[in-house]
Amino acid sequence: MRKQRSTFLFSALCFGMAFLYVPIFLMIFYSFNYSKLVPVWGGFSTRWYGVLFQSEEVWDALALSLQIAVVNATFATLIGTMAALALVRFGNFRGRMLFSGMITAPLVMPEVITGLSLLLLFITLEGIIGWPSERGFTTITIAHITFSMAFVAVIIQGRLAGMGQELEEAAQDLGAKPFRVLFDVTLPRLAPGMLAGWLLSFTLSLDDLIIASFVSGPGATTLPILIYSRVRLGLRPDINALATIMVLAVAIGVIVAGWLLFRQQKQRTREMQMAGK
């Protein structure tokens, strides 16, 4: 019985891994196809990587996406952290339930609704105060912050809930002011959660297509919008090359992060062994 169970689990694992990664490997394989027709193999070649690196349109879209992602992740982390601190550390203040619902609403709101509502907001503001005069970097960044900060708030809330307040109370008993406690005790302990929220916000912004398509203008094309517009006209090998480079960058980031975590865990184990001696 145990052998049958282990065989079933192993088969399910292999099927799941194949379902996830076989399409990615096929995409990488066809990125080295010489033929213009993606499904038709015309021989091994790197010509489409050369075409990709010579495309100014792709580099401009990538630069815009990275700028938006960095600004969005920074502001979303700051606002989400402040919101989480208010919900966890300020007790049951008036309007807490409403505030909590407004913070978590973007998590369950369909992206089409979010994008449409933000588009109507920007149009209304332009008619009343003349800002924003055009839709581009600013409008996309604001739109991304509205939903990214909700994810950050949830992450920081979980971190605060499991952190306890003993060190903060001890610092206050020793005479530390609230702001000193915040910057010297609370925020350093929240740093891993804030880093995780920043990275998640960065990824969500870099990956967003639906909301950005509502609030972007003719002169502002992010990388997902560019890829989608090209795929609609048919599969192209240079898009496979671009996706392959993105997969490689993500893989390198995961490997580096895993190596750093392994070193940190190894260092912690060594320190515990030395303390035990």
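Tallying residues that are surrounded by fewer than 11 Cβ atoms within 10 Å (Cβ to Cβ) and either in contact with a Gly (Cβ under 8 Å, 6 or more places away or on another chain) or under 24 Å from T141 (Cβ atoms) (or both) within the range 220-246 yields 0.
Just checking, which of L199, L206 is more than 19 Å from A86 (Cα to Cα), surrounded by fewer than 19 Cβ atoms within 10 Å (Cβ to Cβ) and hydrophobic (A, V, I, L, M, F, W, C)?
Values: L206 fails: surrounded by fewer than 19 Cβ atoms within 10 Å (Cβ to Cβ).
That would be L199, the only listed residue that is more than 19 Å from A86 (Cα to Cα), surrounded by fewer than 19 Cβ atoms within 10 Å (Cβ to Cβ) and hydrophobic (A, V, I, L, M, F, W, C).
Residues are listed down the side, and each one gets a yes or a no for (1) farther than 21 Å from G193 by Cα; (2) exposed (fewer than 13 other Cβ atoms within 10 Å of the Cβ):
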position: A84; (1), (2): no, no
position: V88; (1), (2): no, no
position: V108; (1), (2): yes, yes
position: E166; (1), (2): no, yes
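Among residues of the range 1-35 being in a loop (DSSP other than H, G, I, E, B) and in contact with a helix residue (DSSP H, G or I) (Cβ under 7 Å, 6 or more places away or on another chain), the one that is nearest to A241 (Cα to Cα) is S31.
G175 falls short on exactly one of the conditions (1) assigned to a helix (DSSP H, G or I); (2) more than 26 Å from I103 (Cβ to Cβ); (3) of a type outside the set (K, R), and that condition is (1).
Return a yes/no flag: does the range 18-34 have any residue that is exposed (fewer than 14 other Cβ atoms within 10 Å of the Cβ), of a type outside the set (A, V, I, L, M, F, W, C) and under 30 Å from L226 (Cα atoms). Before you say what the answer is, go through the steps one by one.
Narrowing the range 18-34 to residues exposed (fewer than 14 other Cβ atoms within 10 Å of the Cβ): 18-26, 29.
Next, from what is left, pick out any that are of a type outside the set (A, V, I, L, M, F, W, C): 21, 23.
Going one step further and asking which of them are under 30 Å from L226 (Cα atoms), we end up with 21, 23.
Yes, the range 18-34 has at least one match.
Anything in the range 117-138 that is in contact (Cβ under 8 Å) with a residue 24 or more places away in the chain and either part of a helix (DSSP H, G or I) or in contact with a His (Cβ under 7 Å, 6 or more places away or on another chain) (or both)? List them, or say none.
Step one: of the range 117-138, the residues in contact (Cβ under 8 Å) with a residue 24 or more places away in the chain are 118-119, 122, 134-137.
Result: L118, L119, F122, F137.
Note on the range 216-238: among residues that are part of a loop (DSSP other than H, G, I, E, B) and either more than 17 Å from M27 (Cβ to Cβ) or among the β-branched types (V, I, T) (or both), the one that is modelled with the lowest pLDDT is L233. Inspection of the range 247-259 finds a residue satisfying the criterion of being modelled with pLDDT of 85 or more, surrounded by 11 or more Cβ atoms within 10 Å (Cβ to Cβ) and not small (G, A, S).
Among T141, T186, which is of a type in the set (S, T, N, Q), within 14 Å of N72 (Cα to Cα) and assigned to a helix (DSSP H, G or I)? Answer to the selection: T141.
The values are calculated or read from the model by the stated rules, or taken from the named source; none is laboratory data. Bear in mind that the values here come from a model prediction, so they are computed numbers and not experimental data. Glycine gets a Cβ as well: all are built from the backbone with ideal geometry, and neighbour counts include every protein chain shown.
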